[in-house]
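Reviewing the structure listed below.
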Amino acid sequence: MTNWEERWQRSETPWEKGRAAPPLEELLDDPGCALYRARRVLVPGCGSGNDVRELARRGIGATGLDLSPTAIARARCCARAGDEDYLCGDLFDGVWRGDREFDAVWEHTCFCAIDPGLRPAYAQVLADLLPAGGVLAGVFFLTPWDPGEDEQGPPFGATRAEITGLFEPWFELRKEQVPARSYPGREGREWLTVFARRELPNPGVADPVPSA
Ligand SMILES: C[S@@+](CC[C@H](N)C(=O)[O-])C[C@H]1O[C@@H](n2cnc3c(N)ncnc32)[C@H](O)[C@@H]1O
């Protein structure tokens, strides 16, 4: 299991690019992007907060969450971009949430970082977090390995079918595309999506685990 805090302390952070994810910029360049209608966006596994600040810079209130105190300390040291804040906590234990309300999530390299066995729990957490109509926008890293590399993670890859299967009980896929913009080396390996939280679970798929 990855010790994320240790990775941050040792600066073993190859994912850290010092700028927002290009697919997020691509999404936000569309003035009709659903994230502009959100009151508060959660960015799980935000690292040093590059994406959080991009959202804030575009006028969108955003909260970054990461379980690494070092990552959160770095994020908090950055110049403010707008209405952003950061929380240190584990997405899965919910302790960090308090009475905070979110109506959107931006996912980028948290899903591929967690153990794949936790993916159903990840989908459940987001379903519990978002109200009906809430937005789950994300870029998923499908094939993070170079040719010849062992397919080991993190990052752990995923297929479109796996991702839609995980979220479909609660979320409707509204938009999908291979992003035109990516970090160098990720071209053609990512899938940019916007899902909307359903009011009721999708009757076409197996009943999701009832919320606590
Ligand atoms: C691959 S890094 C990506 C960071 C950031 N999204 C980026 O692309 O720069 C994954 C991040 O998720 C955080 N993380 C992993 N599991 C988490 C959990 N259960 N709750 C909150 N953060 C988590 C790690 O500490 C790490 O900073």
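Write out the trypsin sites (Lys or Arg not before Pro) in segment 92-180 meeting two conditions: DSSP loop, and at most 14 other Cβ atoms within 10 Å of their Cβ.
Working: sites: Arg97, Arg100, Arg160, Arg174, Lys175; in loops: Arg100.
Here the trypsin sites (Lys or Arg not before Pro) that fit, given the DSSP loop and packing criteria, are Arg100.
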Point to revise | Three-way shape label, segment 18-197, alpha-carbon gyration tensor, a/c 1.5 | key: rounded
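Just want the ordering: Ser48, Ser68, Ser11, from fewest to most Cβ atoms lying within 10 Å of their own Cβ. Intermediate values should be presented prior to the final figure.
Working: Ser48 26, Ser68 22, Ser11 9.
The most exposed by this proxy come first: Ser11, Ser68, Ser48.
Nearest 500 deg cm²/dmol is fine: what mean residue ellipticity at 222 nm does the chain get from its DSSP H runs of n ≥ 4 alone, each adding -39,500 (n - 2.57), divided by its residue count? Could the numbers behind the result be given before it?
Numbers: 6 runs with 49 residues, N = 212.
Estimated from H runs of four or more residues: -6500 deg cm²/dmol.
No value in this document is a laboratory result; all are computed from the given coordinates. Remember, it's a predicted structure, so these values are computed and weren't measured experimentally. Glycine also receives a Cβ, built like all others from the backbone with ideal geometry; neighbour counts cover every protein chain displayed.
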